[in-house]
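For reference, the structure is listed below as structure tokens.
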Amino acid sequence: MNLSEKGWFGDLIKLKWADFSTPEADNEANLYQKTQRTGLLYGHPKVPKELDDPQFLELDPLDKMKIVLLEGFINAAIISNSGLTSTDPDTFSEFLADSINQFYEAVLPQAEVKDRNFWGIKLTKEEIAERIISERLNFDDQEADNSWSAFFSNSLLFLDVLFFGEWLKNTDKNSTSVPIRDKRTAIQLVLLQLIAAAAYADKEIDPEEQLLFDQFLTSLKLPEETDFNTGDILERGIDIDNIDLSIADSWILKKYLLELAILTVWADRVVTEEESIFIAALAEKLGFDKQELMKSMIAIESFAIANWGSIPFLQEKHNFSTVSDRFVELVSQAVDLNKDDLKAKLASNQEITELLRKAGEDSLSEEEQKKLRAWLIEGLNNLPMFVITALPGSFLTLPLLLKILPESVLPTTYKEA
């Protein structure tokens with residue numbers, strides 16, 4: 001599949017139709033899970049596992065982002081209204097393309113939806129949608145790389161998907177387009193303030209934080225009529241108490257703001273005590289308890305570890321052992337909070353209990369090691385703490401999993417061994 005040639009929009013839908021044709025539950029956690037796992041939430045595209053093929057894995061980041069963004073639109077459409085799904089991928093492709101075109105024309109007129117090509121020939125709905133998606137990814141040269149600020153710019157595409165789903169739910173789209181447009185602008189301004197507040201949390205603005213802020217401000221492309229002084233917000237700083245977060249009126253928007261703030265404090269290599277206090281205060285102001293904050297931190301670190309080899313800016317700024325040690329500590333704390341659930345699951349499985357006992361004696365066969373590891377990973381993924389977070393399975397070796405388990409969960413014979 002050539003994503004530079006017309007037709008890729010419909011071809012991709014046909015290729016993945018078996019995955020998309022089943023109605024999805026209409027809830028924010030579902031959309032969060034799907035956009036978090038593909039990297040759209042963080043601006044780093046991760047090709048879905050169903051497309052684990054060299055022709056997709058070897059694409060450049062912008063082409064991968066085309067796939068991830070289109071998948072986001074598909075998920076938003078299906079989740080927002082499962083009745084839209086039909087047994088015919090061609091019909092769905094035409095509907096989705098037409099909806100995307102109308103959405104951008106109504107909500108983001110600056111996207112300049114064009115229905116004719118260079119020679120004046122009228123384009124199909126799918127061709128218009130392909131052009132729109134490509135133009136949404138047409139960042140400046142300084143941003144079209146794997147830099148930290150580039151990925152922040154790309155993360156704004158999540159708002160396109162989120163508000164597309166919200167726009168689809170309304171039957172009277174004409175009356176909702178302007179409110180959605182205004183809400184999107186307001187969220188962008190809050191993001192700008194949060195980045196400034198997070199960067200200023202330790203009372204010191206590093207060059208990297210300044211660059212991140214400047215490029216993020218440029219990528220926002222705020223309407224000229226916006227009555228907001230962005231010029232000196234970073235220079236004078238802003239306190240979290242002076243940021244109006246009321247515009248974030250949904251769980252998924254609050255998660256988005258929190259997780260981008262967490263990513264911001266990563267920008268200068270070290271998460272200081274002051275920055276940790278800031279993040280905790282932000283989580284509380286957004287209405288999240290400590291467990292929900294921990295979930296977001298685990299989600300981000302899981303994604304970073306799972307995609308370490310393809311995110312150069314993380315490799316430049318963090319030593320892998322530092323990040324992995326912090327991740328293991330976070331997961332250990334989370335598992336400890338859910339130890340009763342895990343203990344109950346273990347008590348109902350005598351075979352796994354026996355394998356844990358043998359593991360304590362270091363006498364597991366290779367087949368038994370695989371079986372125990374698979375059960376433990378499945379057990380973690382089914383815990384409330386991790387149910388919508390993609391834990392990096394390849395990173396979770398059996399010795400590491402056994403290290404994560406609370407002592408109270410392990411068989412007595414294991415502890416004695």
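The values are calculated or read from the model by the stated rules, or taken from the named source; none is laboratory data. Note that the structure is predicted; figures quoted are calculated from it, not measured. Note that each Cβ is placed from the backbone with ideal geometry, even for glycine, and that neighbours are counted across all protein chains shown. Areas reflect the complete protein model, heavy atoms only, side chains present, ligands, DNA and RNA absent. Shrake-Rupley method; radii C 1.70, N 1.55, O 1.52, S 1.80 Å.
Numerical summary
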{"item": "With DNA, RNA and ligands ignored, accessible area of residue 251 (1.4 Å probe; Å², nearest 10)", "result": "70 Å²"}
{"item": "Area of residue 271 that stays accessible when all protein chains are in place (1.4 Å probe, Å², to 10)", "result": "50 Å²"}
{"item": "Relative contact order (percent, whole number), region 325-394, Cα cutoff 8 Å, 6+ residue spacing", "result": "35 percent"}
{"item": "All lysines inside 28 Å of residue 203 as judged from Cα atoms, apart from same-chain residues fewer than 8 positions distant", "result": "221, 254, 255, 285, 290, 295, 317"}
{"item": "Area of residue 71 that stays accessible when all protein chains are in place (1.4 Å probe, Å², to 10)", "result": "20 Å²"}
{"item": "Under 10 Å, Cβ to Cβ, from residue 288 - net charge with Lys/Arg +1 and Asp/Glu -1", "result": "+2"}
{"item": "Residue order for 183, 125, 290 - accessible surface, 1.4 angstrom probe, largest first", "result": "290, 125, 183"}
{"item": "Local electrostatic count, residue 89, Cβ distance below 13 Å [Lys/Arg +1, Asp/Glu -1]", "result": "-4"}
{"item": "Net +/- balance of residues flanking residue 301 in space, Cβ distance below 12 Å, scoring K and R +1, D and E -1", "result": "-1"}
{"item": "Cα gyration tensor, region 284-386 - rounded (a/c under 1.5), prolate or oblate", "result": "oblate"}
